[in-house]
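First the structure, in the form of structure tokens, and then the observations on it.
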Amino acid sequence: MPRRLPKIFTEFVVASFGEDVLAELAEIVPAMQMAGAVEKSLDSVMVTSVQVLAERTGKTASSIFNMFGESLLSRLLEDYQELYADDGDGDINFQLFLSRIESLLHTELKKVIAYSDLPKIDCSIVNAHEYELTYRSPRKLCAILEGVVTAAANHFHVKYQLKHKPCMNQGAGHCVLAIQEVTGEN
């Protein structure tokens, strides 16, 4: 496997697709780098790895990034229980997690991925059951954030609807993930 990929990503590949697929990526991606088809940056290697996975599995790259986001949060929950620690003013819940998503994730991600250019994520609370996450990153990997939201909703036993407009992958300057909890009231 390209040595620049973080262990958390290679573990996701093995868990989701198997050792044989990881071995295939370990051959294909470096060959593409040597041929000049892929830059050697972490972003390029990861995006290329996901594109190869998409071709091999028939899944979209977006769905694989979404799966990685779910896996990422699940892994961080296992390794860093303090992500959901009570801060003294009541139990943390889905809304509180979303309002702190950038600081919680970035603090923990920096422990497992030596990466300084993490995305900017702002949370606006529209009302008690509606939130908007605004995502900005030159990498345009907003599907990872969608997966993180899915994993958080599962963790907190929250049903939700998500609308993703605008999107950087469609030319917008930022993404907005509008999240509405599905309650008996709506």
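All of the numbers you see were taken from the coordinates with simple rules; none came from a lab. All values reported here derive from a predicted model rather than from experimental measurement. Neighbour counts are summed over all protein chains in view; Cβ atoms, including those assigned to glycine, are modelled from backbone coordinates with ideal geometry.
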- Note on the structure: Two pseudo-spin positions, 7 Å from Cα along C-beta at Lys59 and at Leu77, lie apart in nanometres by 1.8
- Item | Derived scalar couplings ³J(HN,Hα) [region 143-155; Karplus, 6.51 cos²θ - 1.76 cosθ + 1.60; whole Hz; x for Gly, Pro] | 5, 5, 4, 4, x, 5, 4, 4, 5, 5, 4, 4, 4
- Item | Extension reserve of the Ala128-Asn93 stretch, reckoned as 0.36 nm per residue once the Cα distance is removed | 11.4 nm
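What's the FRET efficiency of Arg139 with Thr183 using the Cβ-Cβ distance as r and R₀ = 35 Å, to the nearest 0.05?
0.55
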